[in-house]
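*Asks:* Please see the structure below; I have some questions.
Computed from the coordinates by the stated procedures, all read-outs in this text should not be read as laboratory data. Fair warning: this is a prediction, and the values are worked out from it, not measured in the lab. In this analysis, Cβ positions are derived from the backbone assuming ideal geometry, glycine residues included, and neighbour counts consider all displayed protein chains.
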Ligand SMILES: NC(=O)c1ccc[n+]([C@@H]2O[C@H](COP(=O)([O-])OP(=O)(O)OC[C@H]3O[C@@H](n4cnc5c(N)ncnc54)[C@H](OP(=O)(O)O)[C@@H]3O)[C@@H](O)[C@H]2O)c1
């Protein structure tokens, strides 16, 4: 069965998935890289010399079984990227997705084929429509909702997420885009587990019963 998953999604203690003031120089705004320090330290990200504990074991679940990703326009680029016809995202010629990626945006453009199996498709569609399109492209594999927080929140609100792996980082951002706004009681729809690790983060998983 093809599931809809969110993996390695980092939030601050006060629930922000990105800071305020996103720009080309600061993709996470005033949060800088503080939301992902836990991940950069893992073997999965860092390679040799990276940590091999629970953070690493969970981070590694990002890729296996994924056949397509859906992301928001603000993850794909800085505010105003759509005015730059040459913009291909911030990841360089070989983005770390290696699948079709559907970018939700009101500023659609032709698809872009990248190295390594990633093709960006730009679609203006509801979450349910986008998921149907991505699921077809995933050919029976899972679909990852890659963020940012606005898009993950919209898919949660629409009841479309089967498994969410959020990583609560012990920092207080105070401003930015929050994941949980408007989602009161969403936890009651899932089996919820939490595991704190020596790095100081807490991995929280929401899994839809029976999935
Ligand atoms: N914490 C993490 O682990 C994590 C993971 C990934 C990304 N991020 C960060 O999150 C930030 C981006 O998050 P965000 O919440 O600001 O924005 P986002 O979720 O990336 O994108 C939201 C935007 O996508 C477009 N969009 C969304 N739904 C749409 C729909 N149904 N139809 C058409 N267009 C739609 C709209 O942009 P337009 O109207 O402009 O087209 C909307 O403003 C970045 O800083 C990124 O680096 C964090």
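*Asks:* Label 7 Å along Cα→Cβ of residue 172; segment 8-23 residues with amide nitrogen under 19 Å?
*Replies:* 11-20
*Asks:* Test of understanding: what is the full-extension gain from residue 20 to residue 78, defined as 0.36 nm times their sequence separation minus their Cα-Cα distance?
*Replies:* Contour length minus Cα-Cα distance gives 19.7 nm.
*Asks:* Pulled fully out, how much extra length does the chain show between residue 98 and residue 191, if you take 0.36 nm times their separation in residues and subtract their Cα-Cα distance?
*Replies:* 30.5 nm
*Asks:* Remind me, relative contact order of the chain in percent, using alpha carbon pairs under 8 angstrom and six or more residues apart?
*Replies:* 30 percent
*Asks:* Looking at the chain as a GNM with Cα springs under 10 Å, which of 62, 155, 40 has the largest mean-square fluctuation?
*Replies:* Among 62, 155, 40, the largest GNM mean-square fluctuation belongs to 40.
*Asks:* Separate question: Give me P(r) over segment 4-207, computed from all C-alpha to C-alpha distances, binned every 5 Å, as integer percentages.
*Replies:* For segment 4-207, the pair-distance distribution reads 1, 8, 15, 20, 21, 19, 11, 4, 1.
*Asks:* Can you give the helix-only mean residue ellipticity at 222 nm for the chain, where every DSSP H stretch with n ≥ 4 adds -39500 (n - 2.57) and the sum goes over all residues, rounded to the nearest 500 deg cm²/dmol?
*Replies:* Helix-only estimate at 222 nm: -4500 deg cm²/dmol.
*Asks:* With the Cα gyration tensor of segment 21-76 giving a ≥ b ≥ c as the square roots of its eigenvalues, does the rule (a/c under 1.5 for rounded; else a/b larger than b/c for prolate; else oblate) give rounded, prolate or oblate?
*Replies:* oblate
*Asks:* Express in whole angstrom the spacing between the alpha-carbon centres of segment 186-211 and segment 32-58.
*Replies:* Spelled out, the Cα-based centre of one part sits 19 Å from the other.
*Asks:* Okay, moving on. Would you mind putting 185-198, 22-35, 165-178, 68-81 in packing order, based on average other-beta-carbon counts within 10 Å, highest first?
*Replies:* Highest mean packing first, the order is 68-81, 165-178, 22-35, 185-198.
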